[in-house]
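The values are calculated or read from the model by the stated rules, or taken from the named source; none is laboratory data. A quick note: this is a predicted structure, and the numbers were derived from the prediction, not measured. We place every Cβ from the backbone using ideal geometry, glycine too, and count neighbours over all the protein chains shown. We work out accessible area using only protein heavy atoms, side chains counted, and drop any ligands, DNA or RNA first. Shrake-Rupley method; radii C 1.70, N 1.55, O 1.52, S 1.80 Å.
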Amino acid sequence: MQRTPNRLDAAMTAIINRHAATGESWMKTNAPWNDDTGNARQGLHGTPEREKLNYYMIVLAHAVSYGIWLEVRWNGRYEIINPALRHVGPQVMHSASRLFEEIFR
């Protein structure tokens, strides 16, 4: 039992690291706009963030200043963040569920 918190933290950290990279790759591949400069697509990123045993999260974001307009203008025609969340979110939850089943069964 004493090793469980460290094992849980290591496993959750691995999960968010893996899925942040998956989300970033998915966004860059599936962004629905045509590139003029490539800056918007290259600026898409997935970043894992955590505070040990307190929270684990993945931030999916744009790096370009006009990224917000790709998300909200034209009724979301060019959005990529929400579709990426819908793609990656269930994968994260599945991975976490399997981890909890393994550790706490």
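Before moving on, here are some points about what is shown:
- Cα-projected label distance for Thr29 with Trp74, points at 7 Å along beta-carbon direction, nm: 2.3 nm
- Grouping the Cα pair distances of segment 1-53 into 10 Å bins from zero gives a pair-distance distribution of 23, 35, 22, 14, 6, 1 percent in increasing distance order.
- Take the Cα of His94, step 7 Å toward its Cβ, do the same at His45, and the gap between the two points is 2.8 nm.
- Accessible surface, segment 1-69, averaged per residue in Å² (probe 1.4 Å): 63 Å²
- With the convex hull drawn over the C-alpha atoms of the chain, the volume per residue is 95 Å³.
- Taking the charge dipole of the chain about its Cα centre, with +1 at Lys and Arg Cβ atoms and -1 at Asp and Glu Cβ atoms, the residue from Ser95, Thr37, Ala61 reaching farthest to the positive side is Ser95.
- Carbon plus sulfur fraction of accessible area for the chain, probe 1.4 Å, in percent: 51 percent
- Taking Cα centre as origin and charging only the Cβ of basic (Lys, Arg, +1) and acidic (Asp, Glu, -1) residues, the dipole magnitude of the chain rounds to 280 debye.
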